[in-house]
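Take a look at the structure below.
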Amino acid sequence: MKPVKLLVVAALGIFVAALATEAQQPAKVHRIAWLGLASPGPEVLRIVDGLRQGLREQGYVEGRDIAFEYRWAHGRADQLPDLAAELARLKVDIIVVANTPGAHAAKRATTTIPIVFVGPDPLSTGLVASLGRPGGNITGVTLLPGPEIVGKYLQLIKEAVPKVSRVAVLWNQGSQMAPLMVREAEVAARALQLQVQSVGVRGADEFEGAFAAMTKERASAVVVLADPVSFLHQKQLAELAARSRLPAMYALTEHVEAGGLMAYSANFAEAARRAAIYVDKILKGAKPGDLPVEQPTKFELVVNLKTAKALGLTIPQSILIWADRVIE
């Protein structure tokens, strides 16, 4: 056999051997971390399932392509930094987080592991440099377009309960975005001929006193702003609103399922499903800081008629026609 032919045969042999070796190599299983503030109850697991569904739609199979590392703070925000640091030490491939304190904890814990968030306006809370170019190792999907959404809450509660004249706004004093929303509420209220009562709390243990203050100041409705504390205590808030005979407007639909009157928001589980697109792009080599933050394009109006009946309210037909979902 001529030398040239020998070289060709040898080269082919090496190539085939390399292919066989590569075929025997198991595909990498990417580790995706979920950093949760709440305990893994039904409401939270519905959001997690949104992410898992989204990853399936992108072609990933759990156990073959991806594996999850779950960390839960069980309602204790002070535990999030330690949990985030643990995930950083494990060198997971991506951290997904659906709460603002957790996103900040993850951002402090690592500058190299990509972070994908699902949650409130990341610009107002300082998570990203800009929506178009987040920068660093973080990007994601926001549920709120910005503080101006609170004007829509006021408009809807007034249309649903026309006799409303004074609206309490319940907010978490630990939130960076909430003061902006309260100021926006005060501006929007003037156009709607409403008065606003700002009621800030530092934790769930102050909810009782907050509702007592609303009653004392003769509030005729309440808007509950979105934050991890209110999300974790949905039933308590619904019960306090019912006991105080206050129609309540919420920023997340889960509150209505827990007995609240109304909510207007993007769907949390759907946002988590959309976050899977970011996970897929990052696993394929995209830099999170170059991926624009996705803002919601669709909001759901959800009304609980059982709660309305208990409050002695008749919800106008205009609201019921507009509602995406009515709980009876």
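The values are calculated or read from the model by the stated rules, or taken from the named source; none is laboratory data. Quantities reported herein were computed from a predicted structural model and do not represent experimental measurements. Neighbour counts are summed over all protein chains in view; Cβ atoms, including those assigned to glycine, are modelled from backbone coordinates with ideal geometry.
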Name the one entry in R31, R52, R89, R71 that is over 20 Å from the mean Cα position of the chain (by Cα) and either buried (at least 18 other Cβ atoms within 10 Å of the Cβ) or in a strand (DSSP E or B) (or both).
-> R31
Any chance you could count how many residues in the stretch 275-322 are within 15 Å of the chain's Cα centre (by Cα), surrounded by 19 or more Cβ atoms within 10 Å (Cβ to Cβ) and not aliphatic (A, V, I, L, M)?
-> 1
What number of residues within the stretch 309-319 satisfy the criterion of being in contact with a helix residue (DSSP H, G or I) (Cβ under 8 Å, 6 or more places away or on another chain) and farther than 14 Å from G260 by Cβ?
-> 4
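Table: residues versus (1) outside the structural domain of Q236 (by TED's automatic domain parsing); (2) in a strand (DSSP E or B); (3) farther than 27 Å from R202 by Cα.
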site: G136; (1), (2), (3): yes, no, yes
site: I157; (1), (2), (3): no, no, no
site: V164; (1), (2), (3): no, no, no
site: A168; (1), (2), (3): no, yes, no
site: W171; (1), (2), (3): no, yes, no
site: G174; (1), (2), (3): no, no, no
